[in-house]
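*Asks:* Dropping a structure here in structure tokens format, bear with me for questions.
The values are calculated or read from the model by the stated rules, or taken from the named source; none is laboratory data. Predicted model only: the values in this text are computed from it and were never measured. Here the Cβ is made from the backbone with ideal geometry for all residues, glycine too, and neighbour counts use every protein chain on show.
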Amino acid sequence: MAGKDHEFQRHESATLQRRLSLQFKRREWLAPPSENVYAGISAYFSNHHISLISISIRDSTYLLDFIEKSFDQEERLSVEEATDFVITQLDHYGEKHLEKIIGAAMPNHVADFCPRLCSRLWGELDIIPLVLPDSTLVDKYTTRASKSPAWDSKTIDEQAEAMSRKCVRLFGPENVPLLQVGFMGLVEVDTDFHVRLARLEDFQKTVSPETWAAVQHYVSDLRKRKIRIAFFSATPQGGGVALMRHALMRLSHVLDTDVRWYVPKPRPGVFQVTKKNHNILQGVAGPDERFSSDDQSFLTEWIAENARRYWSCPGGPLCPPSNGGADVIIVDDPQMPGLIPIAKKEAPSRPVIFRSHIQIRSDLVNTPGTPQAEVWEYLWNQIKLVDCFISHPVKAFVPQDVPTDILGYMPATTDWLDGLNKNMRDWDVAHYGRLFNAACRNSDMPVVHQPDDRYIAQIARFDPAKGIFDVLESYDKFYTRLAQHRPDLKPPKLLICGHGSVDDPDGTVIHDQVIDHIEHKMASIRDSICVMRLKPPDQILNAILSKATVVLQLSAREGFEVKVSEAIHKGKPVIATRAGGIPLQVEDGKNGFLVDVGDTDAVAEHLYDLWVDDALYKRMAEYAISHVRDEVSTVGNALSWFYLCSKLSQGEKLRPQGRWINDLAFESSGVSPENLPRLKRAVEVANMG
């Protein structure tokens, strides 16, 4: 077909259009999920303009359709015109055929010529952009092969079709790019960056000019001195640590800093032990659960084996910097403290940072003979060797053994550009809503009748510390009060949703307990409560949060729980407990309400007020969306880490003295954050509000 224009010719199904077009037009969640299709793109260039372009559409098995468009000398497309052409064609195709385009692959030269195409595909159409070598990829997705003669011999439509086939092969069963963990346990984020979700400019727009300038100050130093930074955590996906690291690696890549992330090879049974420790430290474990000597040996040997086999070998990250190892080591997980003495043995003068990201019951840790004291003794014997101890910004989380001079505070963060948080078209929100409802039907759960239904949501893991039973009790009281005092108002539904994780074996147990509680103690309103453990993609949770009316976070124990800031970012009033770092994010009475842990009467009262008082709701929603803090973003997170690594890699004896790392980073950069919205600087629980 090369040399002759060809339009998309596939006819949409008349039956499907008749049955579903109105539901899709109303963005209803009750319609069946869309079929998934994939796109391939290729183009020819002449004098810095596109002269010929082709887009191929296929499902997982067959080529379905393609367009080929040529442009004469007067019509040739500029960079922006070519980008607009692709966006428009894919947008119209998906809506016309009631299909969801999952991914679009293109060769390097197209992405290089149209530098905004990838980020626009992701940001505007929720299409995952894949940039691939022109040569054939077999099974090694990270191949960096050069352009092959066979590629040049293909016609433009053949190139586009080849790209669409490669696109299909890079997706896993849940229609997300296959997670890659490569040599030495290196996490190959975004399929070794063949997926290009965001440009540098996109990250820059998520924060203030002051925060961006401070980041650039440290990036310049790290690049100039070619500093190598290595993060270590237990798992490459599932949970807040992994989400933060994926986002930080993505930003580091476009900043051209040498930051890498390693995970250990998992071993059966290890996460049962680490989750037990987590629960013990938080004070939510059973009274008979202890961290036995066998458990200690098991964890120590697991880390030592991974270090020996993968990280201390020649060129590994734990090798001395002079032998190619990292200049700064960051142990980003209390599951892996055994790495610290190994790293110090390999290079005694190399700085090591430890980050504690859970709520530690320091009152119990400081009491000899308690299970908490036993776990902490094992951890501290290894952690005490670090140069800097980073904690969530709550003083009560820090055991008395930790010297104040090495202690610094840093909140958990989230990424405004990833699938969990980015703004999506109502078309795409509805697509993920339909996937959610399909999962609900499969689990015998009530579905959401969007756009007609309104609902309250708590999004969190099924964890004993997340206060899920308090959520149920609060909703029951609110439902009863609304029915009694405002029978004219339709009660909202309640959605309790969260992802599972490989290092979270409690999830299934808690989920089953919640279902049993609803069926036996809340049977009269069971049809209004939906409880779901969700699989990927992340955009399903994004859709749920986007259409929620009010968001709850009723944790009994908590580290920071950045889901609170994610809800605020979407303009959702939040009702949350005074647990951990949650009060630092909620301005009581402005963007939400704070309640004491277990005070379900107060939660029910606030829900009622938000439901019957439209002016109150509008005021809180508007305040929330206009008061988002840079500190909880990926760029804000990078500022703190880059500051630490810049200073420590120069041999400075950094002494945070119990201060916020973000404050220290701004002070040292010479950039003033005076006019920026900031998180509360209270680390004492009594002063948090």
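*Asks:* Taking segment 654-689 as the region of interest, how many residues are of a type outside the set (A, V, I, L, M), surrounded by fewer than 20 Cβ atoms within 10 Å (Cβ to Cβ), over 19 Å from Arg355 (Cβ atoms) and more than 27 Å from the chain's Cα centre (by Cα)?
*Replies:* Number of matching residues: 9.
*Asks:* Got a sec? Which of Glu99, Glu124 is surrounded by fewer than 22 Cβ atoms within 10 Å (Cβ to Cβ), over 23 Å from Ser51 (Cα atoms) and touching an Asp or Glu at 6+ places or on another chain (Cβ under 6 Å)?
*Replies:* Numbers: Glu124 fails: touching an Asp or Glu at 6+ places or on another chain (Cβ under 6 Å).
It is Glu99.
*Asks:* Those residues that are under 29 Å from the mean Cα position of the chain (by Cα) and surrounded by fewer than 20 Cβ atoms within 10 Å (Cβ to Cβ), I need them from segment 395-406; list them, please.
*Replies:* Lys395, Ala396
*Asks:* Pairs only if they're at least six apart or on different chains, beta carbon under 8 angstrom, first in segment 590-605 and closer than 14 Å to Leu472 by Cβ, second of a type in the set (Phe, Trp, Tyr); list them, first residue then second.
*Replies:* Hits for this filter: Val603/Phe478; Ala604/Tyr475; Ala604/Phe478.
*Asks:* Here's another thing I want to ask about it. Give me the pairs, please: first residue somewhere in segment 178-194 and among the polar types (S, T, N, Q), second residue anywhere and in a loop (DSSP other than H, G, I, E, B), beta-carbon distance under 9 Å, and either six or more positions apart or on two chains.
*Replies:* Qualifying pairs under 9 Å: Gln180/Tyr141; Gln180/Thr142; Gln180/Pro236; Thr191/Tyr141; Thr191/Thr142; Thr191/Leu170; Thr191/Leu178; Thr191/Leu179.
*Asks:* Applying the selection to segment 635-689, what residues are part of a helix (DSSP H, G or I), at pLDDT below 95 and of a type in the set (A, V, I, L, M, F, W, C)?
*Replies:* Val685, Ala686
*Asks:* Of all residues in segment 340-369, which are at pLDDT below 95 and outside any helix (DSSP H, G or I)?
*Replies:* So in segment 340-369, the residues at pLDDT below 95 come out as 356-369.
Ser356, His357, Ile358, Gln359, Ile360, Arg361, Asn366, Thr367, Pro368, Gly369 - these are the residues of segment 340-369 that are at pLDDT below 95 and outside any helix (DSSP H, G or I).
Yes/no matrix, rows are residues, columns are (1) under 16 Å from Ser292 (Cα atoms); (2) surrounded by fewer than 22 Cβ atoms within 10 Å (Cβ to Cβ); (3) assigned by TED's automatic domain parsing to the domain that holds Phe560; (4) more than 28 Å from the chain's Cα centre (by Cα):
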position	(1), (2), (3), (4)
Arg350	no, yes, no, yes
Phe354	no, no, no, no
Ser362	no, yes, no, yes
Asn366	no, yes, no, yes
Gly369	yes, yes, no, yes
Trp376	yes, no, no, yes
Leu379	yes, no, no, no
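*Asks:* Okay, moving on. Could you list, in sequence order, the residues of segment 247-262 that are surrounded by 21 or more Cβ atoms within 10 Å (Cβ to Cβ) and in contact with an Asp or Glu (Cβ under 9 Å, 6 or more places away or on another chain)?
*Replies:* Ala247, Leu248, Arg250, Leu251, Ser252, Trp261
*Asks:* Under 8 Å between Cβ atoms, which residue pairs at least 6 apart in sequence (or on different chains) link something in segment 565-581 that is of a type in the set (Ser, Thr, Tyr) with a partner that is modelled with pLDDT of 95 or more and part of a strand (DSSP E or B)?
*Replies:* What qualifies is Ser565/Thr414; Thr577/Gln553; Thr577/Leu594; Thr577/Val595.
*Asks:* Tally the residues that are closer than 19 Å to Arg116 by Cα and under 17 Å from the mean Cα position of the chain (by Cα), restricting the search to segment 165-198.
*Replies:* Residues flagged as closer than 19 Å to Arg116 by Cα and under 17 Å from the mean Cα position of the chain (by Cα) within segment 165-198 amount to 6.
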